[in-house]
1. How big is the accessible area of LYS99 in square angstrom, nearest 10, if you roll a 1.4 angstrom probe over the protein chains?
2. Taking the Cβ-Cβ separation of SER184 and SER61 as r and a Förster radius of 35 Å, what is the calculated FRET efficiency to the nearest 0.05?
3. How much length is gained on full extension from SER94 to ASP124, taking 0.36 nm per residue of separation minus their Cα-Cα distance?
4. Work out how much length ASP75 to TYR17 would gain on full extension: take 0.36 nm times their residue separation and subtract the Cα-Cα distance, in nm to one decimal.
5. Largest first, what is the accessible-area ranking of HIS95, HIS80 with a 1.4 Å probe?
6. Given the whole protein assembly as supplied and a 1.4 Å probe, what does the accessible area of ILE196 come to in Å², nearest 10?
7. If all Cα-Cα distances of segment 8-161 are sorted into 10 Å bins from 0 onward, what percent lands in each bin, rounded to whole numbers?
8. For a quick check of understanding: with a 1.4 angstrom probe and all protein chains in place, what accessible area in square angstrom does GLU34 have, to the nearest ten?
Amino acid sequence: FRSLAHAVHVRLESLNYDQTKDYVSKLLSQQPPEAFMESLWELTYGNPMFIENILIDLTKSLKIWKSNQFNFNFDFNEYHLPVDIKKLIFERMSHLIKKNYQYMKILSVLRFPISKILMKKILDADEKELFFVLQEGMNSELLMKQNDRYIFTFKDVRDRFRSECSQQLAEDISKKVIAYYYRSIISSDTLIHGLIEHALLLKDYKAVRNF
């Protein structure tokens, strides 16, 4: 199959969505559809090195290369990052200061994008502590802002932190989350589904019915 274009300048800073589209079109010599681009940008947080390596991986593994041409009808939901990218990301995790690492573990329990207000409550952190965990998380590209809320940039990061959480911690956080939202009027399907997951973890079927 045709290789990716060479000699494309790699910028060190993250790219916004439009810059990512331009960068990918130069790498592939064509423009993938919007749905593919949106998923790729969300997966890579606009990191040029991640973008290039993921495109190479998708092409070599024939996930987007079929019958001697690109086919971008690909579902990123079950995609696993290449080993080299995982290694780099996990190295970044290991460089977090101890307190922020513990905070990240707690945040990984949450099943939905989290607001700063809820984050502060769940972490039992003051404004300064919250500022530094968000700053380090975003500078390390482990967290990203989605509208006015925060999520883990990579599923692999979230899953690694979550795997280090005890069942007791997961249950304690779930109880706090359910108590926080129990009497709230919620319009977000993502939040509702996340809260139901927390309630099921606790086998709290009354809360499941409530949400």
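1. Accessible area of LYS99: about 100 Å².
2. 0.20
3. Residue separation times 0.36 nm, minus the Cα-Cα distance, leaves 8.5 nm.
4. 19.0 nm
5. From most exposed to least exposed: HIS95, HIS80.
6. 40 Å²
7. Taking every Cα pair in segment 8-161, the percentages come to 10, 39, 31, 16, 4, 0.
8. Counting only protein heavy atoms, GLU34 exposes about 90 Å² to solvent.
The values are calculated or read from the model by the stated rules, or taken from the named source; none is laboratory data. These numbers come from a predicted model, not from an experiment. Ideal geometry is used to build each Cβ from the backbone, glycine not excepted, and the neighbour counts take in all protein chains shown. We work out accessible area using only protein heavy atoms, side chains counted, and drop any ligands, DNA or RNA first. Shrake-Rupley method; radii C 1.70, N 1.55, O 1.52, S 1.80 Å.
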